[in-house]
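K.L.:
One structure follows; several queries about it will come next.
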Amino acid sequence: MIKYFPYSKKDSDFNDFAQWLEEYTETPKFLKIKNEFIDIEKKLKDEPVGPKRTELVRRRYSLFEDV
């Protein structure tokens, strides 16, 4: 995930933030949310419109509240 962040730890203005972000994205909480998000996205690719898809979409958006 850090590879998509356009700043570098080498940039002294963002060193502290980059370090914090790198550490945060390795926490069990973040990894759990990330993995669930990926799992939901995979399921949504093949899930037709209906109650199950609606629930998956709701859960996906609720993950952002957990971050």
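Values in this text are rule-based calculations from the coordinates and carry no lab data. What you see is a predicted model; the values in this text were computed from it and never measured. Virtual Cβ from ideal backbone geometry, glycine too; neighbours counted across all protein chains shown.
K.L.:
Return one number: the angle in degrees, 0 to 90 and rounded to the nearest 10, between the long axis of the Cα atoms of helix 15-24 and the longest principal axis of the Cα atoms of the chain.
P.N.:
It works out to around 40 degrees.
K.L.:
Output the 0 to 90 degree angle, nearest 10, between the alpha-carbon long axis of helix 51-66 and the longest principal axis computed from the alpha carbons of the chain.
P.N.:
Tilt of helix 51-66: around 20 degrees.
K.L.:
Once you have a ≥ b ≥ c as the square roots of the Cα gyration tensor eigenvalues for region 28-67, tell me rounded if a/c is under 1.5, and otherwise prolate or oblate according to whether a/b is larger than b/c. Before the final figure, lay out each step's value.
P.N.:
Numbers: a/c = 4.02, a/b = 1.82, b/c = 2.20.
Verdict is oblate for region 28-67.
K.L.:
How far is it, in nm, from the label point at residue 20 to the one at residue 36 when both lie 7 Å from their Cα along the line to the Cβ?
P.N.:
2.4 nm
K.L.:
Further question on the same structure: Output the relative contact order of the chain, whole-number percent, from Cα pairs under 8 angstrom with separation of 6+ residues.
P.N.:
Contact order relative to length: 23 percent.
K.L.:
Using only Cα atoms, find the angle between the long axis of helix 28-46 and the longest principal axis of the chain, and express it within 0 to 90 degrees, rounded to the nearest 10.
P.N.:
Once rounded, the angle reads 40 degrees.
K.L.:
With a sphere of radius 12 Å drawn around the Cβ of residue 46, what net charge do the other residues whose Cβ falls strictly inside it have (Lys, Arg +1; Asp, Glu -1)?
P.N.:
Numbers: positive: 42, 43, 45, 52, 53; negative: 41, 47.
Cβ neighbours under 12 Å give a net charge of +3.
K.L.:
Match the structure shown to one of the listed values [x] 20, 14, 10; [y] 33, 26, 6; [z] 32, 12, 9 of semi-axes √(5λ) of the Cα gyration tensor in Å, computed from it, and give that label.
P.N.:
Looking at semi-axes √(5λ) of the Cα gyration tensor in Å for this model, the match is [z].
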